[in-house]
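The values are calculated or read from the model by the stated rules, or taken from the named source; none is laboratory data. Since the structure is predicted, the reported quantities are computational estimates derived from the model, not experimental observations. All Cβ positions, even for glycine, are placed from backbone atoms using ideal geometry, and neighbour counts span all protein chains on display. Quick note on the areas: whole protein, heavy atoms, side chains included, nothing else; ligands and nucleic acids left out. Shrake-Rupley method; radii C 1.70, N 1.55, O 1.52, S 1.80 Å.
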Amino acid sequence: ERLPGSDWYTSARQERRSCTVPEPFSFDRRERFKKKTIAQARLEQEMIERLELEQLQYTGSFRARPPPKTTTEKLYTKLVEERRSRSEQNRRESIERMMETQQPFDFWQKAREEEEKRLRTQRQEIDRIKRELNLYGVADSRVLKLEQLSWDAVQTDFTTIEQEELRILELRVAAKRKLKEHEEDRMKELKAERVKKFNSKQYTDELENRLRAELKKQEMRFRSVPVPKHVKEDVWGKLELESQERSLKAQERALRLLNTAALPPRMKKHQSEHPDEWTPKHCKYPGNDADTITEHHTFKPKVKGVVPDFENMHKVFKLQLATRKQEMQRDAKRTAIKPFYLRTEWVNLDDFARHKKKYQAAKLGKLVPGVKLRRMGLDTKASQWDVIEKIAKASTTGEERAGLTAAEMIEFGITPPSWHSINNDIDRDIRHLRDNRWPHTKGGRVRMLPTPVPDSMKKRPAKEPSLTVAARARQMAVEKEMRRKEQERKKAEEEAEAARRKRRETWGMKEKVLAKLAKDAEERKEKAGRTQEELEESIRNFKNMDKVWQEKVSKAEEEVKSRGLLMETIKRRLKKQANEQFRKHLKAQGLEDLADEIEMPQ
């Protein structure tokens, strides 16, 4: 019962006297227990996963992964091998298709025969040039060098790498090493390519041109002619021997003729009848049986005592002739050199004298150099007439030829006389020429001066010229284009500012999220017993991972730059492998000394 003093009444009074306990509203309770959306649940799940990932990164230790297989594999060698095999297969298939589809034509056979004939003719010409070079003394090493240069200059399908590969295979064959089946096939293909290049038109033309150039150079080079044989022969002795032979033959013939000679019958009879008349004169004197001069010969020819010195006499004569010539030149009257001027460029002094007063009143220009005036004995205050007199007197010897040239008038700035004559004629016409028509009926022709501008007109500002329709349209178009460009510029600035603001807000949210993540991580580390210094160090290392990565990338780039080209590296590696194999083979054969002498490539 609800009576005073009962339990219900007592409890009701206590409830009224106690403080009010607030209770949550129904909508608050509803929001609290409301089911989360899919986006919110996904966001919380992603946040938890990110925090767990960061926790793992902070707690876990770095462990390097093993290098992938692609790093250790010889990818480039594999790629080159695949490319080569693919190229061979394509070439083989194309040849098979061509052989299947081709049909023998006459012109193809004819072209092949012509090519063979051309190659044969060109080879014969090259051999001929080589023989001529050999005759000129060109060594075989020089010819081999020209062949090598021609070979290197021609670019065909037979590349340098294939040549090196063929050389290595030939070295292995020379070392009596057994090749594999694919290596033998490869060697046959490379040899066919080499023969093809050797017989190509490009190589033969290049070799022929180089050999011809060398032959032409040898032909143009100076070579001493060998000493002729007739220079070494004793021509004088030969001539003397021939002369002696001729004299002996003449003497023998004379004796033979003398023995066979006989006088006519009557002369012979006269000789027998008068022997004294037929006795020689030098035999008439007693004791003179020989053909010599005796004391009975009284005639003695006059002998010249001294031979004159004709060379000295010739020198004396030349000296006398030179002296006489100098005397004649000194005593001769010299011709006075006079200037020669054409009629068109010469102005007589009389023409200047007609306008003497005007020339005396006219002063010289400022451009006339004072050095030239001082040479003539004048100063800068001299008149044009003074200069004219000085030049006229110095230029000629007589008064009838006195005058100035056009170049002198231009040099000293002297007005031509024709100009004064024309002005005088103009002034005379103005003064004396009369007109019979109005308004010149009462007097002569008078020079009309221009009307001066009034003072009132001078003070008035000038009116600007009005614009044409085209000018106004052009000005409006320019203004419109400037306004359009200004609007575009403002629009671009607003868009850039909006993008900058949005980027700032985005990065601000990101900073907040990072701060929240860092704070949560710090709390978890504190719970785990980690210190604040370790946490800051780990966060700093995490932020510096980008710098470490950049350092690794730059270091890798420097290593790549310091490394040589890929083709050169492969070439050196192949060369090193070939030399190493060759050395091993030599050592296996017992030629260790020869193997040690072979230099290994760097």
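For the stretch 73-190, with all protein chains in place and a probe radius of 1.4 Å, 53% of the accessible heavy-atom surface sits on carbon or sulfur.
Full extension of the chain between Val469 and Glu592 gives 33.9 nm of extra length, using 0.36 nm per residue less the Cα-Cα distance.
Test of understanding: what is the full-extension gain from His270 to Val303, defined as 0.36 nm times their sequence separation minus their Cα-Cα distance?
Answer, rounded to one decimal: 7.7 nm.
A simple packing score, the average count of other Cβ atoms within 10 Å per residue, orders the peptides 221-234, 369-382 as 369-382, 221-234, with the highest score first.
Remark: relative contact order (the stretch 147-262) = 30 percent; criterion is Cα-Cα distance under 8 angstrom and separation of 6 or more residues. Averaged per residue, the stretch 192-273 has 88 square angstrom of accessible surface, using a 1.4 angstrom probe with ligands and nucleic acids left out.
Given R0 = 56 Å, the distance between the Cβ atoms of Thr415 and Ala332 translates into a calculated FRET efficiency of 0.80. When Rg and Dmax are taken over the Cα atoms of the stretch 20-109, they come to 36.5, 123 Å. Listed cross-link partners Lys525/Lys547; Lys502/Lys547; Lys516/Lys552; Lys363/Lys390 are compared with a 23 Å cut-off, the Cα-Cα value being larger for Lys525/Lys547; Lys502/Lys547; Lys516/Lys552.
Please work out whether the stretch 65-172 counts as rounded, prolate or oblate from its C-alpha gyration tensor, where a ≥ b ≥ c are the square roots of the eigenvalues and a/c under 1.5 means rounded, while otherwise a/b larger than b/c means prolate and anything else oblate?
oblate
For the stretch 53-140, chymotrypsin sites (Phe, Trp or Tyr not before Pro) are listed when DSSP marks them as loop and at most 10 other Cβ atoms sit within 10 Å of their Cβ; the list is Phe62, Phe105.
Between Ala518 and Lys232, the simple label model (points 7 Å from Cα in the Cβ direction) yields a spacing of 10.7 nm. Residue ranges 481-489, 118-126 sort as 118-126, 481-489 when ordered by packing (mean number of other C-beta atoms within 10 Å per residue, highest first). Give me the number: length gained by fully extending Glu536 to Asp427, i.e. 0.36 nm times residue separation minus the C-alpha to C-alpha distance, one decimal in nm. Gain on extension, Glu536 to Asp427, equals 28.2 nm. Couplings for the stretch 195-211, taken from phi via the Karplus curve 6.51 cos²θ - 1.76 cosθ + 1.60 with θ = phi - 60°, read 5, 5, 5, 5, 9, 6, 5, 4, 5, 5, 5, 4, 5, 5, 5, 5, 5 Hz in order; Gly and Pro are left as x.
Given a Förster distance of 22 Å, report the FRET efficiency between Glu558 and Glu73 from their Cβ-Cβ distance, rounded to the nearest 0.05. After rounding to 0.05, the efficiency reads 0.35.
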